[in-house]
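Written below as structure tokens is the structure these notes are about.
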Amino acid sequence: MPTIRHARSADADAIAAIYNQGIAERTATFETEPRSATDILAKLARAARRPQLVAASANGSVVGWAGLSDYRPRDCYAGIGEFSVYVDRGARGAGLGRSLLEALVEAARECGDWKLVSRVFAFNRASLSMCRACGFREVGIYEKHGRLDGCWLDVVIVERLIPENLASAPP
Ligand SMILES: CC(C)(COP(=O)(O)OP(=O)(O)OC[C@H]1O[C@@H](n2cnc3c(N)ncnc32)[C@H](O)[C@@H]1OP(=O)(O)O)[C@@H](O)C(=O)NCCC(=O)NCCS
């Protein structure tokens, strides 16, 4: 099983390549423009507050990425992170997505976050199963939340509280 660790600058190319697989497949995100290593480095620059993790196989190659970004800029939402998980297509279905998301919840807990959220395409069974296995609840469905290649798509809102950090929320 690959090792999960915090991402480093040297991982930026590999993370971008894995993210771009997901973008190209049109099953994970409304994004259509490929990401560059520079885009990833901008995320890594904020990793102390919004952790970025990778799964590295025994030979050191990166086969998965999970990261947090801000949910909203308002102070009242400071402890809410929006998560992404992408596994290299050659490494999927072997438990890696679940391990990455579990590790990301722990990293968010250490950062003081009280909630993680995401929006998942309603047809993305692997992602919905992964979220369920990691303790996420399905809040509801945003209908026709965006168009991808001309098709309106519904997304499932998922959330997971980190109860021990609720007390740190601004009053
Ligand atoms: C979604 C993704 C991250 C899941 O990672 P993974 O390593 O393939 O998934 P895992 O092996 O950890 O499996 C997690 C759960 O999904 C289920 N699952 C995995 N692949 C599946 C598939 N193709 N169809 C249905 N369920 C699937 C597993 O059975 C498991 O559920 P369980 O714990 O109830 O048995 C990965 O498939 C991926 O990178 N997909 C493309 C990008 C993407 O969709 N990212 C999510 C954006 S919201």
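Throughout, read-outs are computed from the coordinates displayed, never taken from laboratory work. Since we're looking at a predicted model, the values are computed, not measured. Methodologically, a virtual Cβ is constructed for each residue, glycine included, from the backbone with ideal geometry; neighbour enumeration extends over all protein chains shown.
Checking each residue in segment 96-121 for being within 9 Å of the ligand (Cβ to nearest atom) and not hydrophobic (A, V, I, L, M, F, W, C) picks out GLY97, ARG98, SER99, SER118, ARG119.
Of all the criteria given as (1) within 10 Å of the ligand (Cβ to nearest atom); (2) touching a residue at least 40 places away in the same chain (Cβ under 8 Å); (3) not β-branched (Val, Ile, Thr), the one not satisfied by GLY67 is (1). Of the residues making up segment 100-110, those that are in contact (Cβ under 8 Å) with a residue 24 or more places away in the chain and closer than 13 Å to GLY67 by Cα are LEU100, LEU101, GLU102, ALA103, LEU104, VAL105, ALA107, ALA108.
Within segment 111-124, residues that are assigned to a loop (DSSP other than H, G, I, E, B) sit with their Cβ atoms under 9 Å from residues that are near the ligand (Cβ under 7 Å from one of its atoms) and among the aliphatic types (A, V, I, L, M), at 6+ positions apart or across chains, in these pairs: ASN124/ALA28. Listed conditions (1) within 13 Å of the ligand (Cβ to nearest atom); (2) on the phi < 0 side of the Ramachandran plot are all met by GLY93, apart from (2). Exactly one of (1) surrounded by fewer than 17 Cβ atoms within 10 Å (Cβ to Cβ); (2) more than 14 Å from the ligand (Cβ to nearest atom); (3) of a type outside the set (Lys, Arg) is unmet by GLU159. Its number? The failed condition is (2). Before we move on, is VAL105 in contact with a His (Cβ under 9 Å, 6 or more places away or on another chain) and over 25 Å from LEU148 (Cβ atoms)? For VAL105, the condition - in contact with a His (Cβ under 9 Å, 6 or more places away or on another chain) and over 25 Å from LEU148 (Cβ atoms) - is not met.
Do the conditions hold for SER99, that is, is it not aliphatic (A, V, I, L, M) and not in a helix (DSSP H, G or I)? Spelling it out, it is not the case that SER99 is not aliphatic (A, V, I, L, M) and not in a helix (DSSP H, G or I).
Of all residues in segment 125-158, those satisfying the criterion of being in contact with a helix residue (DSSP H, G or I) (Cβ under 8 Å, 6 or more places away or on another chain) and touching a residue at least 24 places away in the same chain (Cβ under 8 Å) are ALA126, SER127, MET130, CYS131, ALA133, CYS134, GLY135, VAL156, VAL158.
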